[in-house]
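Just so it is clear, none of the values below were taken in a lab; they were calculated from the coordinates. These numbers were taken from a predicted model, which means no experiment stands behind them. With ideal geometry, Cβ positions are generated from the backbone for all residues, glycine too; neighbour counts draw on all protein chains shown.
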Amino acid sequence: MQCALAAGVSMGAGSMLGACAGVRRLDLPQQPEALRANPALDESRREILYHAALAPSGHNSQPWRVRIESTDEWIVEADPERRLQAVDPDNRELMLSLGAFAENLSLAAGAVGYDAKIQVVAKEYFDRDVIRVSLRTDHPNPYPLGRITRRMTARPGYRSDEIRAADIEALRAAADGRLFYFPKSSPHADRIRDGVVECSRIQSLRDAAQRELVSWLRLSDRDALEHRDGLTAEGMDIQGFKGWIVRHFIEPENFMKTTFRQKGIDQTARLAAQGGGWLVITSSGRTVADLIEAGRLFERMALLTRERGIGLHPTTQILEEKHGIDLFASHHGSRVIPQFVIRVGYLDKYPEPVSLRRPVEWFAPYQQFTHMS
């Protein structure tokens, strides 16, 4: 959808001065406001949650809350107000996002000298309490946190060469063997590409799905600063003069127009043709714990890609629409349970992440408790 705007606003090209830049993640302070600071979170615990929240989520909805039961006992909740009911009615993707959140949390905790025990407590997809986190002091694990802060979804600019075997093996090992690569030249890659484009078309024409996307657009700087979530112009790769026009003159409701929808479908087709193929990450089952684990495996794998010059673009529509679900079932049957379908390719120039995140205190507010451990 980001490219629909870029195509729909056919202004003169050309680079613009820095004043044309929109709100980016690094522009925003992360220190808590004095009146909102959570006394249960010292600097190291805030750092853990800051890195956890750099996990990906559909429409950048950030569907997590953290209930601080004591300084070292937390509950990660599914925030019902941040559900994507039109495209994720079963909360499957929400649970995957909480899994990525848990992986970042565990890695960040280790880096600052804690062992984080991650226990999945939810039994059903709609349970509020999903993960219990128990922190214990430990020797620091020198994990490079820059992997977390610089992870991002990259969309344009993929080279067409196929992914080297050594890189695929490294990514597969990080995903505990549950990653499968389909090179661009393979018939299976052709089917995935065509399925992604068709599912994008189907979803773009579904009013409920389109309106849900519109509700997460943060086109103006004011909306971006107020919400610090959702899809900004910068986050959708609309930059320079086009980005300035979008932020000042385009309303989110414009996305409901037929012309914007069609341009988004066309751009999806152009992007789907780029890259070196497709990755599929599967789960061993369909329980909440299986989805949390799949989300953790995805994040663990994704954190390795920048240093290898590999871009990742999860294409969620193919697993959100019946056409795509049936496509996988017809070729693999019930024995394969896909949770992520990802366009993959080498990048000559890797961009820096710009998607916004809410401050820690916004999703982990202060709550009094009876004791601090």
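Structure values in brief
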| item | result |
| --- | --- |
| FRET E, pair Arg308, Ala208, Förster distance 30 Å, beta-carbon r, rounded to 0.05 | 0.20 |
| For region 278-328, Kirkwood radius (reciprocal of mean inverse C-alpha pair distance, Å) | 12.5 Å |
| Listed residues Asp221, Asp129, Asp27, most fluctuating in the chain (Gaussian network, C-alpha, under 10 Å) | Asp27 |
| Pair Ser70, Asp138: separation of 7 Å Cα→Cβ label points (nm) | 1.9 nm |
| For the chain: lysine pairs under 26 Å (alpha-carbon distance), excluding those fewer than 8 apart on one chain | 10 |
| DSSP-loop trypsin sites (Lys or Arg not before Pro) across region 314-373, with at most 12 other Cβ within 10 angstrom | Lys349 |
| Separation in nanometres of the label points that stand 7 Å from Cα toward Cβ, at Asp127 and Arg286 | 1.8 nm |
| Full-extension gain in nm, His323 to Arg335, via 0.36 nm per residue minus C-alpha separation | 2.5 nm |
| Förster-model FRET efficiency, 22 Å R0, Ala269 and Thr153, C-beta, rounded to 0.05 | 0.75 |
| Extension gain from Glu352 to Tyr366, taking 0.36 nm per residue of separation minus the Cα-Cα distance | 1.9 nm |
| Charged-residue dipole, Cβ positions (Lys, Arg, Asp, Glu), region 165-346 about Cα centre, Debye nearest 20 | 280 debye |
| Check: the chain dipole with +1 on Lys, Arg Cβ and -1 on Asp, Glu Cβ, in debye | 720 debye |
| Cβ-based charge dipole, the chain, positive-most Cα from Pro359, Val214, His331 | His331 |
| Computed Kirkwood radius, in angstrom, where 1/r is averaged over Cα pairs of the chain | 21.2 Å |
| Debye log10 I(q)/I(0) at q = 0.20 Å⁻¹ for region 165-346, Cα point scatterers | -1.40 |
| At R0 = 25 Å, FRET efficiency that the Cβ-Cβ distance of Arg222 and Ala37 yields, to 0.05 | 0.50 |
| Region 24-103, Rg to Rh (Cα coordinates; Rh as Kirkwood inverse mean 1/r) | 0.99 |
| Normalised per residue, the volume of the convex hull around the Cα set of region 40-150 (Å³) | 89 Å³ |
